Amino acid sequence: MLPFQKILCPTDFSDPSYEGLQCGVELASHFGAELCVVNVVPVIPPLPPDPNFAFEIPEYERALHVEAERKLKEVVEQRIPEDVQVHTVVAHGDAADEIVRLAQEEGAGLIVIATHGLTGWRHFVFGSVAEKVVRLAQCPVLTVRAPRQ
């Protein structure tokens, strides 16, 4: 288990996720591990067939994918030191399921994920990606709580 060879760190480009990323960077630097930075693009639900409505879902999903790749590149350039070995992955689907799948596929020894700390009705309505990852992952998961503002 220790030392970690590969650390998977998901980001949704929010400030709390950058807190988790910072922790992942520190651990990767400490252990000399490879860092896999992931963003999951949600799947767009199919629209009902309506001849008066023209919206090309595949084109929109491609645009989301390209934008996620651009943002991941920017995150790597701005937030990860050059001495940390890193690669990025853009996945599509349910965030928690994809994070767990990628951790297995990548052979990650650790997932470092931020929790937004939602409680009460917000947690009930939005659920928790981090909570689901903790339940489903087959490797250890380190959750990083974002500081209260």
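The values are calculated or read from the model by the stated rules, or taken from the named source; none is laboratory data. Treat the numbers as computed from the prediction; the structure is a model and nothing was measured. Backbone-built Cβ (ideal geometry, glycine too); neighbour counts: all protein chains shown.
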Report yes if some residue within segment 26-46 is of a type outside the set (Ser, Thr, Tyr), on the phi > 0 side of the Ramachandran plot and modelled with pLDDT of 90 or more; otherwise report no.
-> yes
How many residues does segment 1-33 contain that are closer than 23 Å to residue 104 by Cβ, buried (at least 17 other Cβ atoms within 10 Å of the Cβ) and touching a Gly at 6+ places or on another chain (Cβ under 9 Å)?
-> 8
Go through (1) at pLDDT 95 or above; (2) within 21 Å of residue 28 (Cβ to Cβ) one by one and return the number of the condition residue 115 breaks.
-> (1)
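In segment 86-105, which residue that is charged (D, E, K, R) and in a helix (DSSP H, G or I) is nearest to the chain's Cα centre (by Cα)?
Applying the filter and picking the extreme gives 98.
So in segment 47-90, with the set limited to residues that are touching a Phe, Trp or Tyr at 6+ places or on another chain (Cβ under 8 Å) and modelled with pLDDT of 95 or more, which one is farthest from residue 11 (Cα to Cα)? Reasoning before the result, please.
First pass over segment 47-90, keeping only residues touching a Phe, Trp or Tyr at 6+ places or on another chain (Cβ under 8 Å): 47, 71, 75, 79.
Pick out the ones that are also modelled with pLDDT of 95 or more and you get 71, 75, 79.
Working: 71: 10, 75: 9, 79: 12 Å.
Among residues in segment 47-90 that are touching a Phe, Trp or Tyr at 6+ places or on another chain (Cβ under 8 Å) and modelled with pLDDT of 95 or more, the one farthest from residue 11 (Cα to Cα) is 79.
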Just one of (1) assigned to a strand (DSSP E or B); (2) modelled with pLDDT under 95 trips up residue 19, so point out which.
-> (1)
